[in-house]
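> I'd like to ask you about the structure that follows.
The values are calculated or read from the model by the stated rules, or taken from the named source; none is laboratory data. Keep in mind that this is a model prediction, so the values were computed, not measured. Here the Cβ is made from the backbone with ideal geometry for all residues, glycine too, and neighbour counts use every protein chain on show.
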Amino acid sequence: MAMTSGCTVCSKKLHSQNTSGLCRDHFRTHKSPDVAAKRSKSMRKHYRENPDFLAEKREHMTRINRLPEKRAQASVNAKANRIWEISAEKWTPQKEARRRSGLSRAALPDLPPQYLDLYKSLKRKKLLRPERLRIAREQMAIDRERRRRAFAL
Ligand SMILES: [Zn+2]
(Lines give C-alpha, C1' and ligand atoms only; values in the text may rest on other atoms or scores of the structure.)
Protein backbone atom coordinates (compact mmCIF):
# COMPACT_ATOMS: atom_id res chain seq x y z
CA MET A 1 0.00 0.00 0.00
CA ALA A 2 1.21 3.49 -0.77
CA MET A 3 2.58 5.62 2.01
CA THR A 4 0.07 7.98 3.55
CA SER A 5 0.41 10.73 6.10
CA GLY A 6 -2.56 9.54 8.23
CA CYS A 7 -4.42 6.37 9.17
CA THR A 8 -7.12 5.68 6.61
CA VAL A 9 -9.61 4.91 9.38
CA CYS A 10 -8.97 7.51 12.07
CA SER A 11 -6.47 9.80 10.26
CA LYS A 12 -4.01 9.56 13.14
CA LYS A 13 -0.55 10.70 12.01
CA LEU A 14 1.57 7.78 10.82
CA HIS A 15 5.29 7.06 10.92
CA SER A 16 7.00 7.88 7.64
CA GLN A 17 7.87 4.21 7.11
CA ASN A 18 4.32 2.96 7.62
CA THR A 19 3.26 0.78 4.70
CA SER A 20 -0.20 -0.37 5.76
CA GLY A 21 -1.83 3.05 5.83
CA LEU A 22 -3.27 2.16 9.24
CA CYS A 23 -2.30 3.22 12.75
CA ARG A 24 -1.25 0.51 15.22
CA ASP A 25 -4.73 0.28 16.69
CA HIS A 26 -6.46 -0.12 13.37
CA PHE A 27 -3.79 -2.40 12.00
CA ARG A 28 -4.51 -4.85 14.84
CA THR A 29 -8.25 -4.72 14.26
CA HIS A 30 -7.71 -5.03 10.55
CA LYS A 31 -5.45 -8.07 10.97
CA SER A 32 -7.58 -10.03 13.40
CA PRO A 33 -11.34 -10.09 13.66
CA ASP A 34 -10.80 -11.42 17.20
CA VAL A 35 -9.56 -8.04 18.32
CA ALA A 36 -12.71 -6.35 17.04
CA ALA A 37 -14.86 -9.01 18.71
CA LYS A 38 -13.01 -8.63 22.00
CA ARG A 39 -13.36 -4.88 21.85
CA SER A 40 -17.04 -5.11 21.15
CA LYS A 41 -17.44 -7.51 24.07
CA SER A 42 -15.62 -5.25 26.49
CA MET A 43 -17.64 -2.24 25.32
CA ARG A 44 -20.86 -4.14 25.96
CA LYS A 45 -19.58 -5.03 29.42
CA HIS A 46 -18.70 -1.39 30.06
CA TYR A 47 -22.18 -0.26 28.99
CA ARG A 48 -23.76 -2.92 31.19
CA GLU A 49 -21.76 -1.91 34.24
CA ASN A 50 -22.12 1.85 33.74
CA PRO A 51 -25.78 2.68 33.22
CA ASP A 52 -25.03 6.41 33.39
CA PHE A 53 -22.52 6.14 30.59
CA LEU A 54 -25.05 4.20 28.55
CA ALA A 55 -27.81 6.73 29.22
CA GLU A 56 -25.49 9.57 28.26
CA LYS A 57 -24.49 7.84 25.03
CA ARG A 58 -28.10 7.07 24.19
CA GLU A 59 -29.13 10.65 24.77
CA HIS A 60 -26.25 11.87 22.64
CA MET A 61 -27.13 9.53 19.76
CA THR A 62 -30.83 10.37 20.05
CA ARG A 63 -29.98 14.06 19.78
CA ILE A 64 -27.81 13.45 16.72
CA ASN A 65 -30.33 11.16 15.06
CA ARG A 66 -33.04 13.79 15.42
CA LEU A 67 -31.16 16.31 13.31
CA PRO A 68 -33.18 16.96 10.13
CA GLU A 69 -30.31 15.99 7.83
CA LYS A 70 -29.77 12.72 9.74
CA ARG A 71 -33.46 11.90 9.56
CA ALA A 72 -33.55 12.58 5.84
CA GLN A 73 -30.50 10.37 5.28
CA ALA A 74 -31.98 7.60 7.43
CA SER A 75 -35.12 7.68 5.34
CA VAL A 76 -33.10 7.46 2.12
CA ASN A 77 -31.03 4.56 3.51
CA ALA A 78 -34.07 2.69 4.78
CA LYS A 79 -35.73 2.87 1.40
CA ALA A 80 -32.55 1.99 -0.50
CA ASN A 81 -31.94 -1.06 1.70
CA ARG A 82 -35.62 -2.01 1.87
CA ILE A 83 -35.22 -2.52 5.59
CA TRP A 84 -38.80 -3.68 6.13
CA GLU A 85 -37.93 -6.80 4.12
CA ILE A 86 -34.68 -7.38 5.97
CA SER A 87 -36.28 -7.17 9.38
CA ALA A 88 -39.14 -9.47 8.41
CA GLU A 89 -36.63 -11.99 7.08
CA LYS A 90 -34.51 -11.89 10.22
CA TRP A 91 -37.46 -12.25 12.59
CA THR A 92 -36.85 -15.80 13.81
CA PRO A 93 -38.89 -17.86 16.30
CA GLN A 94 -35.98 -17.44 18.75
CA LYS A 95 -36.28 -13.68 18.51
CA GLU A 96 -40.00 -13.90 18.98
CA ALA A 97 -39.46 -16.04 22.09
CA ARG A 98 -36.95 -13.53 23.43
CA ARG A 99 -39.36 -10.67 22.77
CA ARG A 100 -42.09 -12.47 24.64
CA SER A 101 -39.86 -13.38 27.55
CA GLY A 102 -39.32 -9.66 28.07
CA LEU A 103 -42.99 -9.17 28.80
CA SER A 104 -44.27 -9.01 32.32
CA ARG A 105 -46.02 -11.92 33.96
CA ALA A 106 -49.27 -10.08 33.33
CA ALA A 107 -49.57 -12.28 30.22
CA LEU A 108 -49.67 -9.79 27.40
CA PRO A 109 -48.77 -12.08 24.52
CA ASP A 110 -49.56 -9.63 21.76
CA LEU A 111 -48.36 -6.39 23.29
CA PRO A 112 -44.88 -5.40 22.06
CA PRO A 113 -42.45 -4.74 24.94
CA GLN A 114 -42.08 -1.06 24.06
CA TYR A 115 -45.74 -0.56 25.06
CA LEU A 116 -45.37 -2.26 28.39
CA ASP A 117 -44.50 0.97 30.19
CA LEU A 118 -47.58 2.64 28.79
CA TYR A 119 -49.66 -0.35 29.83
CA LYS A 120 -48.23 -0.23 33.35
CA SER A 121 -48.81 3.51 33.68
CA LEU A 122 -52.47 2.94 32.74
CA LYS A 123 -52.64 0.26 35.37
CA ARG A 124 -51.42 2.73 37.96
CA LYS A 125 -54.24 5.01 36.85
CA LYS A 126 -56.61 2.19 37.83
CA LEU A 127 -57.93 1.58 34.32
CA LEU A 128 -59.32 -1.87 33.67
CA ARG A 129 -57.40 -4.37 31.58
CA PRO A 130 -59.56 -4.18 28.42
CA GLU A 131 -59.31 -0.39 28.54
CA ARG A 132 -55.52 -0.54 29.06
CA LEU A 133 -55.12 -2.90 26.12
CA ARG A 134 -57.35 -0.77 23.92
CA ILE A 135 -55.33 2.38 24.66
CA ALA A 136 -51.99 0.60 24.16
CA ARG A 137 -53.18 -0.83 20.83
CA GLU A 138 -54.42 2.58 19.71
CA GLN A 139 -50.99 3.98 20.50
CA MET A 140 -49.43 1.12 18.51
CA ALA A 141 -51.61 1.99 15.52
CA ILE A 142 -50.67 5.67 15.81
CA ASP A 143 -46.96 4.84 15.97
CA ARG A 144 -47.23 2.40 13.07
CA GLU A 145 -48.95 5.05 10.98
CA ARG A 146 -46.26 7.58 11.93
CA ARG A 147 -43.49 5.17 10.89
CA ARG A 148 -45.28 4.39 7.67
CA ARG A 149 -45.54 8.09 6.86
CA ALA A 150 -41.89 8.67 7.76
CA PHE A 151 -40.86 6.03 5.22
CA ALA A 152 -43.24 7.32 2.58
CA LEU A 153 -41.74 10.84 2.68
ZN1 LIG B 1 -6.35 4.47 12.99
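> Restricting the stretch 7-19 to residues that are modelled with pLDDT under 85 and surrounded by 12 or more Cβ atoms within 10 Å (Cβ to Cβ), which is nearest to the ligand (Cβ to nearest atom)?
Only one residue fits best here, namely Val9.
> Hey, among Arg28, Arg58, Arg48, which residue is basic (Lys, Arg), surrounded by 11 or more Cβ atoms within 10 Å (Cβ to Cβ) and under 18 Å from the mean Cα position of the chain (by Cα)?
Arg58
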